[in-house]
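> Encoded as C-alpha cells, here's the structure I'll be asking about.
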There are 2 protein chains.
Amino acid sequence: MDKYSVIGKSVPRVDAVVKVTGDAKYTADLVLPGMLYGKILRSPYPHAKILNIDASKAKKLPGVRAVIAGQDTPGKKFGRYQDDQLVFVDQLALAIDKVRYIGDEVAAVAAIDEDTAQEALDLIEVEYEELPAVFDPEEAMKPGAPRLHDHAENNVGLVLLRHFGDVEKGFAESDRIFEDRFVTQGVTHLALEPHAALANFDAAGKLTVWSSNQNPFPDRAQLARALDMPEGRIRVIKPHVGGGFGGKVEPLSHDVCAALLAMKTGRPVMIVLTREEVFTATRQRHPMIVNLKTGVRMDGTVMAKECKIIADTGAYYGVGPNVLATHGTILTLLYRTPNVKYEGILVFTNKQVCGAQRGYGNPQIRFADEQQMDMIAEALAMDPEELRIRNAVQSGDITPIRSRIVSCGYTECLQKAMAKTGCVQKRGNLPANQGIGIAGTGMSSGSKTYNKPFSSGALVELQEDGSVSLFSGGSDIGQGLNTIMAQITAELLGIGLEEIKITVADTEFTPWDQGTSSSRATMFAGNAAKLAAADARRQLFEAAAEILEASPEDLDARERKIFVKGSPGKAIPFVDAVRAYRAKRKQPLLGRGYYDPDVERPSPDGEGNISPSYSFGCDVAEVQVDTETGQVKVSKITAAHDCGFALNPMAVEGQIEGALHMGIGYALTEEFFREEGLTLNPTFLNHRMLTALDMPEIESLIVEPVDPNGPFGAKEIGEGTLVPTAAAIANAVYDAIGVRIKELPLTPERVLTALEKKGGRE
Amino acid sequence: MDKYSVIGKSVPRVDAVVKVTGDAKYTADLVLPGMLYGKILRSPYPHAKILNIDASKAKKLPGVRAVIAGQDTPGKKFGRYQDDQLVFVDQLALAIDKVRYIGDEVAAVAAIDEDTAQEALDLIEVEYEELPAVFDPEEAMKPGAPRLHDHAENNVGLVLLRHFGDVEKGFAESDRIFEDRFVTQGVTHLALEPHAALANFDAAGKLTVWSSNQNPFPDRAQLARALDMPEGRIRVIKPHVGGGFGGKVEPLSHDVCAALLAMKTGRPVMIVLTREEVFTATRQRHPMIVNLKTGVRMDGTVMAKECKIIADTGAYYGVGPNVLATHGTILTLLYRTPNVKYEGILVFTNKQVCGAQRGYGNPQIRFADEQQMDMIAEALAMDPEELRIRNAVQSGDITPIRSRIVSCGYTECLQKAMAKTGCVQKRGNLPANQGIGIAGTGMSSGSKTYNKPFSSGALVELQEDGSVSLFSGGSDIGQGLNTIMAQITAELLGIGLEEIKITVADTEFTPWDQGTSSSRATMFAGNAAKLAAADARRQLFEAAAEILEASPEDLDARERKIFVKGSPGKAIPFVDAVRAYRAKRKQPLLGRGYYDPDVERPSPDGEGNISPSYSFGCDVAEVQVDTETGQVKVSKITAAHDCGFALNPMAVEGQIEGALHMGIGYALTEEFFREEGLTLNPTFLNHRMLTALDMPEIESLIVEPVDPNGPFGAKEIGEGTLVPTAAAIANAVYDAIGVRIKELPLTPERVLTALEKKGGRE
C-alpha cells in the first residue's frame, strides 16, 4: 500500500470540470441586480498638468449615472507593501493636478451599459498642459531631465545600499574579477483573465468588492486606505481568477473607482479592463540595468560580488521598493558568497508603473549572474556546471544575509540535469549553430517583506452528513492551490478529494491569509490546511478511539474509515465517528490551523531570513540559431527543480511548463514597443506571446529533498522555475554561435548585430 | 452600571437599514448570468387522471428552453419529517398519473423570461379524465366517498391514539363532564415574500439552490430525496426571507422543479410563485374538528380530558402526521390533567395540502380548550381566571406525557393580565354588547419530532482586524434571529453589535442547524451562539490574562476592552488580545458552540419531553359587538407572555404584535372560500388580512421567569403568542352578547345566526 492515498498523486484540479465547461464564474461573469458598468478615462499624454475637467456633457448623456474625477475621491494615496513606509505610497484612484504616463487615470463613469460609459468618456473635456517627458531611466537620472515627482530629485525614488562582509577585501583576495552590464526589458503578465472589479455598497454602509485579485485581505487594507473608510466595513471576495502572475497582487484604480461609483450611485458597479488597458495601464515587470562584478579564485571559489541595479519603476513607486529589497536574498541565495555589496536605484520615468511579476526581480539578476558564471567558467577553463557545484549553497547553510537554507536540492538538480542532458559532453561539440546552456535558480517560499501578518489560517469542519468544509483565506489564482489544500485535508482525514467543500478567499468567511504572492501559497495556506486537518483528525480519532476501544495514536484513516493500525477490520465509518463526536462532545468537529513561521522582515541593513524555506533548480536549454535570420529556436528545455515533496506531480509539471512558456517568451520575444510613452503593441499577438506551437519539447525533472518546514515536505514551485530560462537560453546561444548577448530579449536583430560585431572583430 | 451592555436592550434589527432601503436581497431579487425563468402548470381539476401530456407545441415556442412533466423527474417522493416513516412521504415534484387538487403540479417550463414561460404553459396540452372529488373531511370518511389514495381507505391517512393515565377512571371521579365540538378553518400564512427558488447546476454536478425557506439543512435532505442525488452534492442557501410562519418549512415542487430545469438546461433557473400560487398551491393551516370532553370536580380540579380531532390534511400528507403527534404535548401542557386520551384522524380531501403554520395545531386545540374552560367556570360559578390558576402547571411539573416544565410563568401571566385589565371585575359588568375574555397558551421552545439532529451549531471567529465573524446555520426568516445571535455574541465579547459579521444559513458555510420551526430559533441557535461566543471569550481571556498578569476568571469584557474586574484601568483593547492570542497560540481564535439538549422524540405511545423548555401566556381581549351587523370589533388586547429573559424587548413586543395580527385575523376574518375545490379568494384583500387600521390597541406584558435552559434565560416567543387569541375573543364575545360561537372565524354571519338562535331559544 502506498504511504499516501491522495497526496503525491497526479490528480486533476478540483475545479477542472467547472473551468473547462465555462461554469466557473470569474469576476467579469458576475451579475448583480441593477448593476451599472464603469469605464475609466485615461491620460493621452505621458506627462501633463490637468488644468480643468468638464464632465457636464458626459453627465447629461442618457444612461450615465455618475462621473467622478480626482476631486470627487477622498484623495487618499494607497499602495501595497508600504503601510509603514508612507513615503512610498503614491498611488491615487484618479489623478489630481497631474498625469505622469499615457494611461494614468483621470476620471471614471458609471452608466447603464459599457457602450454608454465609453461614449460618456468621450464627452469628458479635459484641459491639459503638456509637460516634457522622459522614458529612459538613465536619461531620467541626468540633471535637467523632466521631473516626475517633487520629492524625487533626478527622478530617483530610492537608493538602497547594502553590504555584507567586505567586498573590497573579497575582490583583493580574488584572482580574477569579472564585470558586465546586463539589460532586461519590461513585459506584461499575459494573464488570460483581464482585471475586473464589481463593487456593491449597501445602505448600511457596507462595501463588498468582488475582484480579480491575488490577496483579498491585504487588498481590503488598501481599499480602506484609498476610500478612507474602516476595514471592517469592507468585504473583499476573490471569485475564480484566470491567472495573476503578480499582476493582481495590489488593488488598482479600477477597484477603487468601482467602489466610489457604487457609493455615489447606490448601485452595483462593474469595471472590466479592456485588453489594451491590461497591457498599458496595469503593471509590468521592472526593466533593469544590472551591473555585476564578481571576484573568484583560480579554483573557481566566488570571493565577492558587487551589483548595481538601475530599476525603472515607471511613473509611480508601485511595489518597486520591495522588489529592490528582495535582491539581497536573491543575490546570495544560490552560491556561497562571503562578501556582497548591492546598490539598487529606483528611477521614475513617464511610463506605466512596474510591479510584481513571477520571479519578483529574480529573473533579471539571474539573467546577469548565470551568464557571468558561464563567462567565469570559460575564463577559468572549467565546466560551467563544475563552477556552479563548487559554489552551490547546501542544506544547513546560513547565507550572509541570514537566509536559513533548511533544504537545498540545487546540487542534485544540477547533477540530474547533467546526467539527463549530457550537457557537459555536448557543450562545444554540437553541430554548427546548435548549442546547449545551463542556468540555476533559487527562490523563497514566501517572503516576509511588509508589516501585515505573514501568516495563513484555515479551518476544517467535519459536517453531520460526513462532508468536510475547508475554509481558507488562501487564493487560488489558477495555480491549483484549492486542489493542493483539498489533497492535504483529504489525506489526513482519510476521505476522497471530491468530499471536500472549499470556501476560500473571502474576507468575511475565511481566516486571515496574506494571499498569493512570493510563492507562499502551498507553504503557507498548505501548512495552515494541514494544521487544521490534523487538529480535526486528532479530535476525530479521540471520538473513534472510544468506540473502537483503542488508543487514538493507534488509529489511522483511509477510505472513509477510521481503523486500528494493523487491524483494518477494527474500523468505523468516518461519518459515524463525526456523529459520535458531535453527540458526545456537543461541539461542531472543527480543526484550526494557523501557519505563522518564525521568519523576519529584512532589517534596515537588509539582513533577515524572510522565508521558512527556499527552492532551487536549473534549466538546460538546447537551441538552434539561424545565422541568416538571427532567429533563435529552442528545441528542448530540461528543467530540474527542487520543489520538496511533490504534493501533486502533475501540478508541479504544469507550473514548470507554464513557467517555461513565460521564460522563453521573456528570453526571446516578449517586450513593449513604445513611442514617446505610447505603447504600440498592446495585444497578445504583438506582445509576441508564445503559442503552443512555439513551445519546445519540455522535460521536467522533479527533485524532492523533503523540506522540514513544508507541508509534507513541499515547497515553492510557482516562480523559481521561470527564473533561469533566459540565462540558460543565452548561454546556449553562446555555445551555438559564440556570441554573448547581454540584453533581453534575444531578438533576431540582437543576434545578427552580435554576429556582425563578432565577425567584425575577428 | 447595567448588568448587560447589549442584551436585554431594545435594539433595532442588525439588518433594519438594508431592509427598509431595499438593499436586502430576497430570493426573487437574485440574478445569475444566463438565468432562465420557470413556471409551473397546475391541475385545473380537483381530482383527475392524467391520460396524456403533449408538450410539443410548448417546446417549439421561441425562448422556451425546457419543458418537463412527471415522467421527466426521478419520480421520487419527498416530504419533511417523515424520513423514517416513508409511508407518509407522498409528495411528487410533478404529478404522475393523477392530480388530487386544483393547483397540483403537472408540468414545468424554463424560458428566457416569465412571459414566455407563461405562454408556454398555455401551449401544453394535458388530457385529463375527471374523477369525482370530495372536499369535506367528514364526507370524505364516509363509505363510497371518492378515494384520493389507494393506500387510504375512507381517505383516512392516519389514526393516532394515545392514552395517558385512565380517562374512564378520571371521568368516573369527576363531578361534572363537559363535551363540545369546535370547528376551525384553514388560513394561509400571509408572508409578504412569495415562495421562490433559484437553482444552479454546474458541470461538476453540484447543485446550488437559493430558496425562500426556513430550514436549509433539512431542505437539503428533502431535495436530495426528490432529486435522487447525494446530499453532499447539494448546497442550499437561504437569502433574506420575508416571512415564513411555517409556510416555508419544507421544500415544495417549485424548489425541485427549479433544480430539475437547471439540470436539464445547464442554466440557472428562477421560479417565483405568483401570489395566487402562494395562496392556492403552497400550504395552509389544518382545518380541524375538535371534539373535547373534560371532567372536573366541583372545586374546579380537572380530572380527565378526552379529545378527538379530525384534521383535514388536503390532498397529501404534508406534515400532517407530525402536527397530530404534537397534540399530546399541547393538550397536557397548560393544565394539570392526570388522565388524557387523544384520538387524531388525518383525512384526505381534494384541496390544497395543509402544513406547518405558526402554532402547529396549538391554536385549534386552544380555541376549543380555552372556551370550554370558560364554560366550565361558568357552570361551576367560578371566575375563569380562578379555574385556570387552580389547574395551571407550575415550574418543576412533569406532565403525563413527560414534558419537563423547567420554568413556567403561566400563573404570573394570568395574574398580571388580571391586574392590568381588571378582567375579573369587568366581566359581566361592561356596557351592552361589550365584553372581555381571557385565554391561555403554552408552547414548546422547539419540538423534537423527527429523526434529523435536533441541534444547532455556531462558530465565532475573532479576526485579526478586531472584527468578529459569527457562523450559524440558524435561519432568520424575518423574526430577528440574526439580531438575537449578534446581541448574545457582542455581550459575551464586550463589543458592539455593529462589529459582528453574520454568516448564516448556508449548508456549505455554516454548521448544521435544524432551522427555524417549532419556535426553536432563539433557544437553539441562540444557545449555540452563546456557547460559541463563550468558548471564544474563554480563549481570549486566557491570552489577555497573560498580558494583564491576572487570572482569566478575574477578567471581564466591555466596550472593546478586556479588563480586570474591579480595576477597569487594568485593561487592554479587545483587538490587542485577539492579536496576542494569534501570535502566541498560532491558531485562529475561534469559539465553537453546539446546542443539543437532552430531549426526546415522542415514543410510539406519545410520551417524551420534546423540548428543553416551554413558554406560557395569556391574552385578554376586549370586544364590542354590533348586534345589527354581527360585526365583532376588538378594541384592545392585553397580552401577557412568559418568554423568559427578554433578550430584545422590542423584538418580543414585535412578535406579540405580529402574532396578534395573525390571531385576530384567524379569529374574525381570514378563511379560504372554495367552490368545488377552486379557491375564490387568493388575494390579501379577499383572504381578508387585517390592515394596520383594523388592529386594536395592544398592550404587551413581558413576564420573565428566567429559564435555566434558555440563552441567558430566554425562551420561545414566536408562536405561543398567537395561540390564545381566537379563544380570548370568542370568550369576550360570549361576555358581550351571551352567545358561544364554536366555529372559526367569528364572522358577522355566525354572530347573527348565533344571536338568532339565542333569541329563538329564549
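The values are calculated or read from the model by the stated rules, or taken from the named source; none is laboratory data. All values derive from a computational prediction rather than experimental measurement. Cβ coordinates were reconstructed from backbone atoms using ideal geometry, including for glycine residues, and neighbour counts include every protein chain displayed.
> Here are A:Ile484, A:Ile488: which of them is in contact with a Lys or Arg (Cβ under 7 Å, 6 or more places away or on another chain), crowded, with 24+ Cβ neighbours inside 10 Å and more than 14 Å from every other protein chain (Cβ to nearest Cβ)? Spell out how you get there, then give the answer.
Details: A:Ile484 fails: in contact with a Lys or Arg (Cβ under 7 Å, 6 or more places away or on another chain).
Residue meeting the stated conditions: A:Ile488.
> Just to check your reading of the model, which residue among B:Ile495, B:Ile477 is within 12 Å of chain A (Cβ to nearest Cβ), at pLDDT 95 or above and in a loop (DSSP other than H, G, I, E, B)? Write out each step before concluding.
Working: B:Ile477 fails: within 12 Å of chain A (Cβ to nearest Cβ).
Only one candidate passes the filter, namely B:Ile495.
> Restricting the search to the range B:415-452, which residues are of a type in the set (S, T, N, Q) and in contact with an Asp or Glu (Cβ under 9 Å, 6 or more places away or on another chain)?
Taking the range B:415-452 first, the residues of a type in the set (S, T, N, Q) are B:415, B:421, B:425, B:429, B:433-434, B:441, B:444-445, B:447, B:449, B:451.
Across the range B:415-452, the qualifying residues are B:Gln415, B:Thr421, B:Asn433, B:Gln434, B:Thr441, B:Ser444, B:Ser445, B:Asn451.
> Name the residue that is nearest to the other protein chains (Cβ to nearest Cβ), counting only residues in the range A:453-468 that are under 16 Å from B:Tyr581 (Cα atoms) and touching a Pro at 6+ places or on another chain (Cβ under 7 Å).
As a first pass, look at the range A:453-468 and keep what is under 16 Å from B:Tyr581 (Cα atoms): A:453-458.
Pick out the ones that are also touching a Pro at 6+ places or on another chain (Cβ under 7 Å) and you get A:457-458.
Values: A:Gly457: 4, A:Ala458: 8 Å.
Going through the qualifying residues, I end up with A:Gly457.
> Can you find a residue in the range B:362-373 that is surrounded by 24 or more Cβ atoms within 10 Å (Cβ to Cβ), of a type in the set (Gly, Ala, Ser) and out of contact with any Gly (no Cβ under 9 Å at 6 or more places or on another chain)?
yes
> Could you list, in sequence order, all residues of the range A:253-267 that are surrounded by 24 or more Cβ atoms within 10 Å (Cβ to Cβ) and either part of a loop (DSSP other than H, G, I, E, B) or away from chain B (no Cβ under 14 Å) (or both)?
Within the range A:253-267, the first condition is being surrounded by 24 or more Cβ atoms within 10 Å (Cβ to Cβ), and the residues that meet it are A:253-262.
Answer for the range A:253-267, where residues must be surrounded by 24 or more Cβ atoms within 10 Å (Cβ to Cβ) and either part of a loop (DSSP other than H, G, I, E, B) or away from chain B (no Cβ under 14 Å) (or both): A:Ser253, A:His254, A:Asp255, A:Val256, A:Cys257, A:Ala258, A:Ala259, A:Leu260, A:Leu261.
> From the list A:Gly157, A:Gly165, A:Gly170, A:Gly186, which residue is on the phi > 0 side of the Ramachandran plot and away from every other protein chain (no Cβ under 14 Å)?
None of the other options fit; the residue is A:Gly165.
> Is it fair to say B:Pro12 is more than 14 Å from every other protein chain (Cβ to nearest Cβ) and not small (Gly, Ala, Ser)? If you could, list the steps in order and put the result at the bottom.
On the way: more than 14 Å from every other protein chain (Cβ to nearest Cβ): no; not small (Gly, Ala, Ser): yes.
Criteria not met by B:Pro12.
> Applying the selection to the range B:498-513, what residues are within 11 Å of chain A (Cβ to nearest Cβ) and in a loop (DSSP other than H, G, I, E, B)? It would help to see each step written out before you state the result.
Residues of the range B:498-513 within 11 Å of chain A (Cβ to nearest Cβ): B:498-503, B:506-513.
Those that are within 11 Å of chain A (Cβ to nearest Cβ) and in a loop (DSSP other than H, G, I, E, B): B:Thr507, B:Glu508, B:Phe509, B:Thr510, B:Pro511, B:Trp512.
> Exactly one condition in (1) more than 14 Å from chain B (Cβ to nearest Cβ); (2) under 24 Å from A:Glu491 (Cβ atoms); (3) hydrophobic (A, V, I, L, M, F, W, C); (4) under 37 Å from the mean Cα position of the chain (by Cα) is not met by A:Leu531; state its number.
Just one mismatch for A:Leu531, condition (1).
> May I pose another question? Give A:Ile401, A:Ile405 a once-over and let me know the one that is at pLDDT 95 or above and not polar (S, T, N, Q).
A:Ile405
> Taking the range A:76-89 on its own, how many of its residues are over 19 Å from A:Gly247 (Cβ atoms), under 24 Å from the mean Cα position of the chain (by Cα) and either of a type in the set (Ser, Thr, Tyr) or assigned to a loop (DSSP other than H, G, I, E, B) (or both)?
Qualifying residue count, the range A:76-89: 5.
> Search the range A:293-308 for residues being among the charged types (D, E, K, R) and touching a strand residue (DSSP E or B) at 6+ places or on another chain (Cβ under 9 Å), and hand back the single one that is surrounded by the most Cβ atoms within 10 Å (Cβ to Cβ). Give the derivation first.
We begin by selecting, within the range A:293-308, every residue among the charged types (D, E, K, R); these are A:293, A:297, A:299, A:305-306, A:308.
Next, only the ones that are touching a strand residue (DSSP E or B) at 6+ places or on another chain (Cβ under 9 Å) stay: A:293, A:297, A:305-306, A:308.
Working: A:Lys293: 17, A:Arg297: 13, A:Lys305: 27, A:Glu306: 22, A:Lys308: 16.
Among those residues, the one meeting the criterion is A:Lys305.
> Of (1) within 14 Å of chain A (Cβ to nearest Cβ); (2) buried (at least 24 other Cβ atoms within 10 Å of the Cβ), B:Glu250 satisfies all except one. Which?
With respect to (1) within 14 Å of chain A (Cβ to nearest Cβ); (2) buried (at least 24 other Cβ atoms within 10 Å of the Cβ), B:Glu250 is out only on (1).
> Surrounded by fewer than 22 Cβ atoms within 10 Å (Cβ to Cβ), on the phi > 0 side of the Ramachandran plot, out of contact with any His (no Cβ under 9 Å at 6 or more places or on another chain) and away from every other protein chain (no Cβ under 12 Å): does that describe A:Gly446? Break it down into steps so the answer makes sense when it comes.
Details: surrounded by fewer than 22 Cβ atoms within 10 Å (Cβ to Cβ): no; on the phi > 0 side of the Ramachandran plot: yes; out of contact with any His (no Cβ under 9 Å at 6 or more places or on another chain): yes; away from every other protein chain (no Cβ under 12 Å): yes.
Spelling it out, it is not the case that A:Gly446 is surrounded by fewer than 22 Cβ atoms within 10 Å (Cβ to Cβ), on the phi > 0 side of the Ramachandran plot, out of contact with any His (no Cβ under 9 Å at 6 or more places or on another chain) and away from every other protein chain (no Cβ under 12 Å).
> Just checking, which of B:Ala108, B:Ala93 is among the small types (Gly, Ala, Ser), assigned to a strand (DSSP E or B) and in contact (Cβ under 8 Å) with a residue 60 or more places away in the chain? Steps first, answer last, please.
Numbers: B:Ala93 fails: assigned to a strand (DSSP E or B).
The unique qualifying residue is B:Ala108.
> Hey, another quick one. How about the range A:385-433: which of its residues are in a loop (DSSP other than H, G, I, E, B), closer than 15 Å to A:Val302 by Cβ and among the polar types (S, T, N, Q)?
Selection gives A:Gln394, A:Thr399.
> Also, I was wondering about something else. In the range B:190-211, which residues are touching a residue at least 40 places away in the same chain (Cβ under 8 Å) and within 24 Å of B:Asn482 (Cβ to Cβ)? Steps first, answer last, please.
Taking the range B:190-211 as the starting set, the residues that turn out to be touching a residue at least 40 places away in the same chain (Cβ under 8 Å) are B:190-201, B:203, B:207, B:209-211.
Listed by number, the residues that qualify are B:Leu190, B:Ala191, B:Leu192, B:Glu193, B:Pro194, B:His195, B:Ala196, B:Ala197, B:Leu198, B:Val209, B:Trp210, B:Ser211.
> Just the residues that are more than 14 Å from chain B (Cβ to nearest Cβ) and part of a strand (DSSP E or B), please, taken from the range A:189-218.
Scanning the range A:189-218 gives A:Ala197, A:Val209, A:Ser211.
> Consider only pairs whose beta carbons are under 6 Å apart and that are at least six residues apart or on different chains; among these, list those whose first residue lies in the range B:603-627 and is assigned by TED's automatic domain parsing to the domain that holds B:Lys416 and whose second residue is in a loop (DSSP other than H, G, I, E, B) and of a type in the set (Ser, Thr, Tyr).
If the second residue must be in a loop (DSSP other than H, G, I, E, B) and of a type in the set (Ser, Thr, Tyr), the pairs left are B:Asn609/B:Ser403; B:Ile610/B:Ser447; B:Ser611/B:Ser445; B:Ser611/B:Ser447; B:Ser613/B:Ser445.
> Could you grab the pairs with beta carbons closer than 6 Å, sequence gap of 6+ or different chains, first residue in the range A:212-223 and at positive phi and in the same structural domain as A:Arg80 (by TED's automatic domain parsing), second one surrounded by fewer than 24 Cβ atoms within 10 Å (Cβ to Cβ) and part of a loop (DSSP other than H, G, I, E, B)?
none
> Being within 24 Å of the chain's Cα centre (by Cα) and under 24 Å from A:Val167 (Cβ atoms) is true for just one of A:Leu346, A:Leu387, A:Leu380. Which residue is that? It would help to see each step written out before you state the result.
On the way: A:Leu387 fails: within 24 Å of the chain's Cα centre (by Cα); A:Leu380 fails: within 24 Å of the chain's Cα centre (by Cα).
Of the residues listed, the single one that is within 24 Å of the chain's Cα centre (by Cα) and under 24 Å from A:Val167 (Cβ atoms) is A:Leu346.
> Go through (1) more than 14 Å from chain B (Cβ to nearest Cβ); (2) closer than 25 Å to A:Met485 by Cβ and name the single condition A:Asp605 misses.
Against the list (1) more than 14 Å from chain B (Cβ to nearest Cβ); (2) closer than 25 Å to A:Met485 by Cβ, A:Asp605 comes up short only on (2).
> Collect the residues in the range B:493-520 that are in contact with an Asp or Glu (Cβ under 7 Å, 6 or more places away or on another chain) and without any contact (Cβ under 8 Å) to a residue 60 or more places away in the chain, keeping them in residue-number order.
B:Lys501, B:Thr503
> Give the residue that is surrounded by the fewest Cβ atoms within 10 Å (Cβ to Cβ), with candidates limited to residues of the range A:583-598 that are among the charged types (D, E, K, R) and more than 8 Å from chain B (Cβ to nearest Cβ).
The residue in question is A:Asp598.
> For residues in the range B:219-236 being within 11 Å of another protein chain (Cβ to nearest Cβ) and part of a helix (DSSP H, G or I), which is surrounded by the most Cβ atoms within 10 Å (Cβ to Cβ)? So that I can check it myself, show each step before the final result.
We begin by selecting, within the range B:219-236, every residue within 11 Å of another protein chain (Cβ to nearest Cβ); these are B:220-221, B:224, B:230-235.
Keeping just the survivors that are part of a helix (DSSP H, G or I) gives B:220-221, B:224, B:231-233.
Details: B:Arg220: 24, B:Ala221: 20, B:Ala224: 19, B:Glu231: 20, B:Gly232: 18, B:Arg233: 17.
For the range B:219-236, the residue satisfying everything is B:Arg220.
> If you take the residues of the range A:521-544 that are charged (D, E, K, R) and touching a Lys or Arg at 6+ places or on another chain (Cβ under 9 Å), which of them is surrounded by the most Cβ atoms within 10 Å (Cβ to Cβ)? First the steps, then the outcome.
Restricting attention to the range A:521-544, the residues satisfying the condition of being charged (D, E, K, R) are A:530, A:535, A:537-538, A:542.
From the residues that got through so far, the ones that are touching a Lys or Arg at 6+ places or on another chain (Cβ under 9 Å) too are A:535, A:542.
Details: A:Asp535: 20, A:Glu542: 15.
Among those that are charged (D, E, K, R) and touching a Lys or Arg at 6+ places or on another chain (Cβ under 9 Å), it is A:Asp535.
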